[in-house]
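Peer 1: Below you will find the structure I want to go over with you.
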Amino acid sequence: MALAPEVKNYYGKLRLLIDGEWVESKSTTVHENLNPATEQVIAEFPTATEEEARSAVEAAHRGFEAMRRIPLRERARMLFDMRQKFEERFSELTRVLTQDHGRTLKESEGSVRRVIENIESACSAAYGLVSRNEHLDELAHGIDMWLTWEPLGAFLIVTPGNIPMHAWSSFVPYAFAAGCSVVVSPSRQAPVASEYICRAAIEAGWPKGAINLIHGGREINKFILRQPEIQGLGFIGSTRAGWDLFKLCGELGKNSSINGNGKNTVVIMPDAALDTIIPYVRQGCFGMTGQRCLGSDNVVVVGDIYDEFKERFAAEARSMRLGYGLDDSVAMGPYCTAAGRDKVGSWVERAEAEGARVVHDGRIVSPELKAGFFMGPTILENVNPDMRMAKEEAFGAVSALIRAESLDRVIEWINTKTDLGHSACIMTQSGANARKFAREVNVGNVGINVGVPQPYAFFPLGSKRKSFMGGAKSRMASMRLFLDEKTVTARWV
């Protein structure tokens with residue numbers, strides 16, 4: 001066992017980032033932030049006042065005026081510099097994320113690597129702006145026409161507690177590539193990680209006001225969104241909160257990219273190579289304690305391999321060691337909050353009341369874990385597609401085993417039993433089954449023999465139905481959020 005060192009035991013009272021300066025909030029509403037593995041206070045953070053939020057918006061507006069004037073090659077160079085800052089701070093950022101959120105260090109390393117990949121993708125997007133412009137000489141006698149793409153302005157970026165760094169990078173580097181500025185409003189669940197990623201970003205030398213950080217909440221988010229200088233919203237979080245902000249964007253006529261909840265399924269076909277795919281399914285269901293939008297809840301087993309799969313999957317769950325994620329021997333960390341853990345426990349109880357049977361009970365944890373928001377992986381069976389557990393996201397390390405007689409039946413369930421559409425995966429050695437599944441399942445991210453169909457940064461998070469709202473997907477596709485088209489028609493003859 002090797003425990004990686006904490007960056008700090010206590011980070012103090014967190015500040016707001018406004019106009020390039022870290023400032024003390026004047027708010028009297030201050031919250032404690034706990035390490036979910038130890039329940040020790042590691043920071044305090046304020047709920048910003050409306051006056052402070054307004055100051056951040058004004059700073060972002062000034063920052064936009066500076067950002068839009070930075071030449072394209074200079075913006076690209078600064079993005080490359082920002083990428084290097086994240087490489088230099090890689091170990092620090094991963095340890096902060098584990099301490100603040102609860103995931104394992106390996107999972108944090110994967111998340112920070114996704115951040116760096118998004119910055120790389122934003123670099124390519126910046127240069128890609130050149131190819132977006134189109135020019136037509138002699139459209140008519142003496143008339144030329146051309147198309148340009150222009151940055152829109154300042155944007156509100158709202159990030160969730162489960163992926164505070166990855167979600168940040170799904171929008172902010174692309175806003176910078178486009179020449180826009182941002183006000184970042186992170187979840188209260190991971191404020192330290194949110195601060196540290198902004199600290200790394202500003203080291204690249206962006207203009208004052210290009211990035212601002214406000215610890216707020218739903219009402220402050222709505223206040224910021226109502227400000228006339230704010231042109232739109234990038235959001236990753238719950239469907240309920242996202243729908244509320246989506247309606248407000250509609251009322252205000254503002255752009256949005258809103259990613260919400262998922263209810264994801266992994267399908268085990270009779271020809272699946274169990275030795276290979278069971279670790280993938282474990283990661284898809286229990287990685288990051290099940291607290292991710294592309295994680296799987298439902299495991300549907302087709303045909304007569306159900307019993308064998310169940311026993312081997314349960315053995316895999318039993319082998320997972322719980323503990324502080326900075327311990328490199330730990331396979332699963334705590335939930336981010338006590339409320340999140342308790343909510344998942346109530347989902348298990350509700351499923352039992354509906355007739356489900358517990359195959360492996362994660363509510364029973366080692367007595368050695370005397371502190372922390374721990375609950376192990378849980379596997380349920382006797383679940384049918386009409387149960388609430390099979391239709392709504394529990395957002396935890398709970399896997400519902402469901403029997404099915406055919407792939408057609410499974411596709412029907414995925415497409416009709418829930419209105420969410422983040423992802424679905426199939427484990428099979430049949431190209432015909434894989435192709436049919438990919439073409440017919442109504443979700444935005446499909447996995448074939450992978451447990452988590454995480455698109456690389458060059459691709460959008462292609463979620464569908466009530467898992468996504470707005471006019472532009474996140475990551476590379478968010479360039480459509482930050483840019484607008486302009487056509488010029490000129491007569492010189």
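Every number here is computed from the coordinates shown, using simple stated rules; none is lab data. Keep in mind it's a predicted model, so treat the numbers as computed, not measured. Methodologically, a virtual Cβ is constructed for each residue, glycine included, from the backbone with ideal geometry; neighbour enumeration extends over all protein chains shown.
Peer 1: Grab the other residues whose beta carbon is less than 14 angstrom from that of Glu392, score K and R as +1, D and E as -1, and report the net. Kindly include the intermediate steps, with their values, before the conclusion.
Peer 2: Details: positive: Arg240, Lys263, Lys343, Arg350, Arg388, Lys391, Lys417, Arg465, Lys466; negative: Asp297, Glu354, Asp386, Glu393, Asp419.
It works out to a net charge of +4.
Peer 1: Note down the relative contact order for the stretch 7-90 as a percent, whole number, built from C-alpha pairs under 8 angstrom at least six residues apart. Show your work: numbers first, answer last.
Peer 2: Numbers: 75 pairs, mean separation 20.9, N = 84.
So the answer I get is 25 percent.
Peer 1: Could I ask something else about it? Fewest to most neighbouring Cβ within 10 Å: what's the order for Ser55, Ser187, Ser329? Present the calculation step by step, with values, prior to reporting the outcome.
Peer 2: Values: Ser55 18, Ser187 22, Ser329 10.
Listed from fewest to most nearby Cβ atoms, that is Ser329, Ser55, Ser187.
Peer 1: Note down, for the stretch 317-363, the three equivalent ellipsoid semi-axes (square root of 5 times each alpha carbon gyration tensor eigenvalue), biggest first, whole angstrom. Please list the in-between numbers first.
Peer 2: Values: eigenvalues 119, 42, 4 Å².
Here the semi-axes work out to 24, 14, 4 Å.
Peer 1: So if I average 1/r over every pair of distinct C-alpha atoms in the stretch 265-448 and take the inverse, what Kirkwood radius in Å does that give?
Peer 2: One over the average 1/r among Cα pairs gives 16.5 Å for the stretch 265-448.
Peer 1: Using the count of nearby Cβ atoms within 10 Å as a rough guide to exposure, how do Ile163, Ile448 rank from fewest to most? Don't jump to the answer; show the numbers that get you there.
Peer 2: On the way: Ile163 27, Ile448 15.
Listing Ile163, Ile448 from fewest to most nearby Cβ atoms yields Ile448, Ile163.
Peer 1: Here's another thing I want to ask about it. Nearest 5 percent is fine: what portion of the DSSP beta bridges confined to the stretch 265-448 is antiparallel?
Peer 2: On the way: 3 of 24 bridges.
Of all bridge pairs located within the stretch 265-448, approximately 10 percent are antiparallel.
Peer 1: Project the alpha carbons of the stretch 296-338 onto their principal axes and report the range along each, largest first, in whole Å.
Peer 2: Result, largest extent first: 40, 21, 13 Å.
Peer 1: For the stretch 67-174, what is the convex hull (Cα atoms) projected area averaged across all directions, in square nanometres?
Peer 2: 8.3
Peer 1: When His141, His422, His166 are ordered from fewest to most other Cβ atoms inside 10 Å of their Cβ, what list results? If you can, show how the numbers build up before the last one.
Peer 2: Details: His141 7, His422 28, His166 25.
Lowest to highest Cβ neighbour count: His141, His166, His422.
Peer 1: In percent, what relative contact order does the chain have, based on Cα pairs under 8 Å that are 6 or more apart in sequence? Provide the component values of the computation, followed by the final result.
Peer 2: Numbers: 1162 pairs, mean separation 98.0, N = 493.
About 20 percent, as a whole number.
Peer 1: Which of the DSSP-defined H helices in the chain satisfy a minimum axial length of 15 Å, computed from C-alpha atoms, and a minimum mean Kyte-Doolittle hydropathy of 0.5?
Peer 2: Working: long enough: 50-67 (25 Å, -0.72); 72-88 (24 Å, -1.21); 90-101 (16 Å, -0.48); 105-132 (39 Å, -0.14); 191-202 (17 Å, 0.78); 239-252 (19 Å, 0.05); 274-286 (18 Å, 0.52); 306-318 (18 Å, -1.32); 338-353 (23 Å, -0.64).
Sorted by number, the helices that extend far enough and score high enough are 191-202, 274-286.
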